[in-house]
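The structure appears below as structure tokens.
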């Protein structure tokens, strides 16, 4: 089989998406990376289709669109990422050590992770803004309501920059907020636990979110 046949028969679009940091639900739905999708509108299986923007194709089309590659480049990248082999591929030189991921791939994966975590955080803040709003004008403000008011605009700015900023702007965010995003991802996992989210579980140390 050639490289295209090998990839299409070996890797589903869902597997490629998850390998590149896109969170896919049990039902195969995910937020579309090709438009500003705030609720999951893309179906991922062997192929993909977005019910929001209409993006559609196979795993090679998906990877090519995600990273701005040609189809052959995308197919070769998938071969490398998933350790596949195909007939017209040259055997590796055993005298050379296998190369790690290129800086470009590392950057794209870091960008995808930052975007996913910040998008999840934004959705959480939007829910908190409604759920924990004071019942009375002079009522006490819940810490999560305060956090939502303080953070929503800044997180929206970070997401907009990751989505439409130039390479230098996106790289700056990834560099400055990389550690914060890792901590935020841990926090979101804790909050997603069955017993998380109660008022008694809230801690001021958790109120820190990406803010520069």
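No lab work stands behind these numbers, since they all come straight from the coordinates. Note that the structure is a prediction, hence the values are computed from the model and not measured. We place every Cβ from the backbone using ideal geometry, glycine too, and count neighbours over all the protein chains shown.
Using a simple spin-label model with pseudo-atoms 7 Å out from Cα toward Cβ, residue 73 and residue 140 lie 5.7 nm apart. Note on 63, 12, 167, 161: ascending count of other Cβ atoms within 10 Å places them as 167, 161, 12, 63, the fewest first. Cβ crowding within 10 Å, taken as a proxy for footprinting-reagent exposure, orders 173, 152 from fewest neighbours to most as 152, 173. Using alpha-carbon positions, what is the distance between the centroids of the range 152-177 and the range 58-83, in Å? Each part reduced to its Cα centre gives a spacing of 25 Å. Taking square-rooted eigenvalues a ≥ b ≥ c of the alpha carbon gyration tensor, is the range 1-144 rounded, prolate or oblate, where a/c under 1.5 means rounded and, failing that, a/b exceeding b/c means prolate? Judged from the Cα gyration tensor, the range 1-144 comes out prolate (a/c at least 1.5, a/b above b/c). Shape summary of the range 3-82, radius of gyration then Dmax from alpha carbon positions: 11.7, 34 Å.
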